[in-house]
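Some notes on the structure that comes next.
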Amino acid sequence: MKTVPLRSLILPLALAFIVAACGTASTTQPTSDPAANLSIQLSWSYDYSSAGFYAAVKNGHYSQQNLNVTIASGGYVNGHYVDPVEAVTSGSTQFSEADAQSLLQARADGKPVVAIASVQQRGPDAVITLADKHIQRPQDLIGKTIAVNDGGARQLFVALLKSQGIDPSKVTIVPRTDFGVDPLIKGTVDALDGWVTNEGVLVSEAGLQPSFMPFADYGIPSYNVLIITTTQMVQDHPDQVERFLKASFAGWQDVIDNPQKGADFTLAYNKDLVLSQQLTRLQASIPLIQPSSTKIGGMDPAVWQQIYGTLTNAGSLTKPTDVTSAYTMQFLKEIYPQ
Amino acid sequence: MSTLESVKPLNQAIPFRNQLRTRLVFSSVALVVVSIVIVTGFTLYQVYQQSQQQSFNQLESVAQLKENQIKHWIDGANEQLSSIYSELIVDSGVPAFLKADNRQAAQADSIAGQLQHTFEALAQENDVSTRTLTEAFIYDLRGSVIASSDASAIGKVVTIQPYFQPSLTADYIQTPYYAIGSDQLNMVITHPIIDDSGTIVGVVGGRLNLNLLGSIMAERAGLGDTGETYLVSIENNYLLTPSRQSGYSLTRSYHSEGIDKALSKQNGSGIYPNYEDTPVTVLGVYHWIPELNTALLAEINEAEAQTLVTRTAALIVGLVIVLGLIAAAIGSIAATSVSRPVTQLTQAASKIAGGDRSQRVNIGTHNEIGALALAFNQMTDQLTTNIAELDTRNEELQIATARAKEAARVKGEFLANVSHELRTPLNAIIGFSDMLLMGMSGELNTKQHHKMERLKENGVRLLNLINDILDITRIEARRVEIVNKPFSPHALTERLSAQMTVLAERSALSFTTSVDPNLPETLTGDEQRIEQIVINLLSNAFKFTEVGSVSLDIWQANETWGITVTDTGRGIPPHALSFIFEEFRQVDGGFARAYKGSGLGLAITRNLVRLMDGEIRVDSELGKGSAFTVILPLLTEKPLAKVAEPVGA
């Protein structure tokens, strides 16, 4: 039997190696897979507050990540309120927008949901007054009338008063009857509990100068627009989650860089809206989306702790839960390595 | 004369672009424009470079100045905060208050009061332009504001503010940030409060006056009409100070090459489109200000920065146009000074060629063209003289020719008349000689008979001579008429053969004839004259041949036919071939000395042949013989009678 020269083996080996390399390369290449179909359930109907997701679709960030993402309108659909937490747990969607209180409540109820990012890193909630009323600090509310929504909002407002050493009984709290600012403008109330991005803009649009006391400035922060998913999803498809977040953040960056475009995209999703109003609200919310020294979508464990503490103290959360497992920093650390 | 009509004025036929004038004008304009463009283009480039460099230098110094002012502004804020710290905190119970588990509300109010007092005192010390702090405040380690110069801030919690965490460990300057709800930018400097044991127990902070910063940046000295300086924060690329852009938004991201480079911590300069929605190209100098974490931009519109270049360029374009026009005018004048005399010369030459020799060129310049015109005039003068002389000679020649022709005609006429008059008495002499010889006047004796025969013989010879002279003169006087009519060349040959056989027998020579079988039966011609020609030639052949043969050949070739008479006689010497057809010439030069004959036979023959539009040729070899050939046009139809024209017609 003859010995095979080494040289005659090189070519077949090299070919085999190349074929193998191509094989492995093609399995790791995301573009060779069919695009993953994902959807996100909004917490409200299509408007400026989700502009970054529209931009991610329109500017092709999702398809770049080999994702096919649909955005589902929320709020009241066909007369029924769509519960965003319910939407993920039922498996009708992979992602939802939800606020911190809903998420913590669901966690306490044992539902397997988790926050992976926060679109708004600062809460928009504030005590809104008219500048000429000179109500500049919570103490100034003593003896005044303020309209506050019943439920969680009222509990937080009471928490704010208490944190400033104010007896809640010295402030007249009336329930809000609508989303408008008419009572404030007409003078029926001295202040109202609302969002700087909504009621604040409405006051400005009415030609008046608003004055704000953001809850966050008094140690009552909030996460109003979290991106949530199921623990199952995090466990089974972490790469899809990460790609979804990357593309969404890129969409939000586009909106920050060019709010006009963001407003245009919003109108493309909901033509019934008024472009200029969407643009104003979007511009007003950009400081909430990316305040100083933060990254888009970022969350802060300290803030989570504060939120949990405030909600528990105010009685909004009735059951205890482990706040640190309500959110995961896993993807943010992956996207923003430091 | 017909060639002169084709001479046309030359300058009109020359295409415009080929004209000397056009070329000269174009050349001078091109020379001026090209040289100006080259020189000024180079200059312009230098000016462009310099003015650009100058603009950059100016922007750089402005940026430098602003940077210094900003640092001064920060130093001022730091100083003020330090003085608040030393005045308020060192000697008071603030650290103790901050450390206390159970704080006294009264003490809190007292501290707040003191802070307010100190802050106001500080504000008093400074004028508006140096009130760098708008607020001073103290917060504890939990972020709760316990005192502030702005009462409404007391009770706030600063834990979510960007400066909170860093402020707990060391002095800190917070990059300007957008404060939610306040609709304005904020900038904070902080200083930790340290107790006697060296532990940080709280923080004293100051809010900086960004309006002051704005006014520093808004000061536009040395920046022309479109120049501006502004700051852009590393936070979201927010514009920190008002820009030229009207209604600028605090929450908009501002981007440009300069902004982005400065925010990536680079200093430099460049030409790039600015941050505006409809970008304008600017010359920009950008600095990274680490103290503020911001970009400092000093920019001026490229258009303004290059006003000098634009103006110079406009000036040069104007200059080029003006100088081009001047060059065209000068070139035109110069070209005219060349082309006008050339045109004048051309026109004069054309007229002279057309026959007007009185033309002269009057240029009167003393240059090369003047010399050319002078030479031209001299040439024309000479030409005129020469032509006049030629004309005179021509006239003289014409007169002489006319006289000579008339003389010849008179001579011919005279000869014809004389010959005719001579023939009458001669005929009488011959007639009477015959009668005497016939014995009509009695028998003559032998001696008388012999003498009478000599008389008659000489009479006949004289008559023949006179007839020949008459013939030749008539032919020369063109009085011979060639009458063309059909005849049979075969019959003619037979007749001649019969006549000549006798002659041949007498002289013991062989005589042969041949006729080309292809020759038509009937030809058109003057049979009588042709016969005369053949007899003449044959007579000569027999006359000059002692032994051998004589032959007659009638032949045909293409459009011609001919008669060739060949003999084996003495032949003709080559020198004689040229004159044997002349009148009264025989080869030996004698006048019919050795041979009978007038010497007119060949002359008559030649003249007849010519009248018939034919030609005669001779080939001869001395001692061997001669061959005379007559070539005639082959006429088979009956043409009109050809009448000889009278001489001198």
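The values are calculated or read from the model by the stated rules, or taken from the named source; none is laboratory data. These numbers come from a predicted model, not from an experiment. Positions of Cβ are generated from backbone atoms using ideal geometry, with glycine treated the same way; all protein chains shown enter the neighbour counts. Quick note on the areas: whole protein, heavy atoms, side chains included, nothing else; ligands and nucleic acids left out. Shrake-Rupley method; radii C 1.70, N 1.55, O 1.52, S 1.80 Å.
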Can you give me the angle between helix B:105-125 and the longest principal axis of chain B, using Cα atoms only, in degrees from 0 to 90, rounded to the nearest 10? 50
Tell me which of B:316, B:472, B:441 sits at the most positive position along the dipole axis of the protein assembly as shown, charges placed on C-beta atoms (Lys, Arg +1; Asp, Glu -1). B:441
Using a 1.4 Å probe, how large is the accessible area of residue B:401, given in Å² and rounded to the nearest 10? 70
Modelled FRET efficiency - R0 45 Å, residue B:277 with residue B:196, Cβ distances, 0.05 increments: 0.20
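Among A:175-188, A:218-231, A:122-135, how do they line up from the highest to the lowest mean number of other beta-carbon atoms within 10 Å? Show your work: numbers first, answer last.
Details: A:175-188: 14.4, A:218-231: 23.1, A:122-135: 20.8.
The densest-packed peptide leads the list: A:218-231, A:122-135, A:175-188.
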Mind giving me the nanometre distance, one decimal, between the label points for residue B:621 and residue B:381, set 7 Å out from Cα along Cα→Cβ? 6.8
Expected vector for the stretch B:303-317, Karplus 3J(HN,Hα) from phi with 6.51, -1.76, 1.60 and θ = phi - 60°, integer Hz, x for Gly and Pro, equals 4, 6, 4, 10, 3, 4, 5, 4, 5, 4, 4, 4, 4, 5, 4
Considering only DSSP states other than H, G, I, E and B, which trypsin sites (Lys or Arg not before Pro) in the stretch A:196-274 qualify as loop sites with at most 15 other Cβ atoms within 10 Å? A:271
Taking the Cα atoms only, what angle lies between the long axis of helix B:601-611 and the longest principal axis of chain B, rounded to 10 degrees? 40
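To the nearest whole number, what is the average tally of beta carbon atoms from other chains within 10 Å of the beta carbons of peptide A:276-288?
3
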With DNA, RNA and ligands ignored, accessible area of residue A:329 (1.4 Å probe; Å², nearest 10): 40
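What's the average, rounded to a whole number, of partner chain beta-carbon atoms within 10 Å of each residue's beta-carbon in B:146-158?
Values: counts 0, 0, 0, 0, 2, 4, 9, 3, 3, 12, 9, 10, 2.
Counting other chains' Cβ atoms within 10 Å and averaging over B:146-158 gives 4.
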Rounded to the nearest 500, what is the protein assembly as shown's calculated 222 nm mean residue ellipticity when only DSSP H runs of at least 4 contribute -39500 (n - 2.57) each, over all residues? -15500 deg cm²/dmol
Peptide-level mean, for A:301-313, of C-beta atoms on other protein chains within 10 Å: 1
Helix B:446-476 axis, angle to chain B major axis (alpha carbon atoms, nearest 10°): 20
Quick one: 3J(HN,Hα) in Hz for the stretch B:48-62, Karplus 6.51/-1.76/1.60 with θ = phi - 60°, rounded, Gly and Pro as x. 4, 4, 5, 5, 5, 4, 4, 4, 4, 4, 4, 4, 4, 5, 5
Can you give me the distance in nm between label points at residue B:38 and residue B:99, each placed 7 Å from the Cα along the Cα-to-Cβ direction? 8.9
Sequence-distant residues sharing a close amide H with residue B:560 (under 5 Å, placed H): B:634
Checking the stretch A:283-338 for chymotrypsin sites (Phe, Trp or Tyr not before Pro) in a loop per DSSP with at most 12 other beta-carbon atoms within 10 Å yields none
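Sum up the charges of everything whose Cβ sits under 14 Å from the Cβ of residue B:189, counting Lys and Arg as +1 and Asp and Glu as -1, but leave residue B:189 out. Walk me through the numbers before you get to the answer.
On the way: positive: B:71, B:207; negative: B:75, B:79, B:135, B:171, B:291.
Once positives and negatives cancel, what remains is -3.
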Proximal lysines relative to residue A:295, as straight alpha-carbon distance under 20 Å, when same-chain residues fewer than 8 apart are discounted: A:246, A:333, B:265
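Quick check: residue separation of residue B:390 and residue B:467 times 0.36 nm, minus the Cα distance between them. What number comes out in nm?
Details: separation 77, 0.36 × 77 = 27.72 nm, distance 4.51 nm.
This chain segment gains 23.2 nm when fully extended.
Looking at chain B, which longest stretch skips every one of the GluC sites (Glu not before Pro) that is in a DSSP loop with at most 12 other Cβ atoms within 10 Å, leaving the sites themselves out?
Working: sites that count: B:443, B:521, B:546, B:559, B:582, B:637.
Longest gap between qualifying sites, sites excluded: B:1-442.
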How big is the accessible area of residue B:456 in square angstrom, nearest 10, if you roll a 1.4 angstrom probe over the protein chains? 60
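Of B:405/B:456; A:186/A:261; A:170/B:156; B:66/B:156, which pairs sit farther than 28 Å apart, going by alpha carbon to alpha carbon?
Numbers: B:405/B:456 38 Å; A:186/A:261 35 Å; A:170/B:156 20 Å; B:66/B:156 34 Å.
Where the Cα-Cα span goes over 28 Å, the pairs concerned are B:405/B:456; A:186/A:261; B:66/B:156.
Give the calculated FRET efficiency between residue B:397 and residue B:582 to the nearest 0.05, with a Förster radius of 25 Å applied to their Cβ-Cβ distance. Could the numbers behind the result be given before it?
On the way: r = 25 Å, r/R0 = 1.00.
Working from the Cβ atoms, E equals 0.50.
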Starting from the Cα of residue A:313, step 7 Å along the direction of its Cβ; do the same at residue A:277; then give the gap between the two resulting points in nm. 3.7
Looking only at the stretch A:110-229, where both bridge partners belong to it, what percent of the DSSP beta bridges are antiparallel (to the nearest 5)? 70
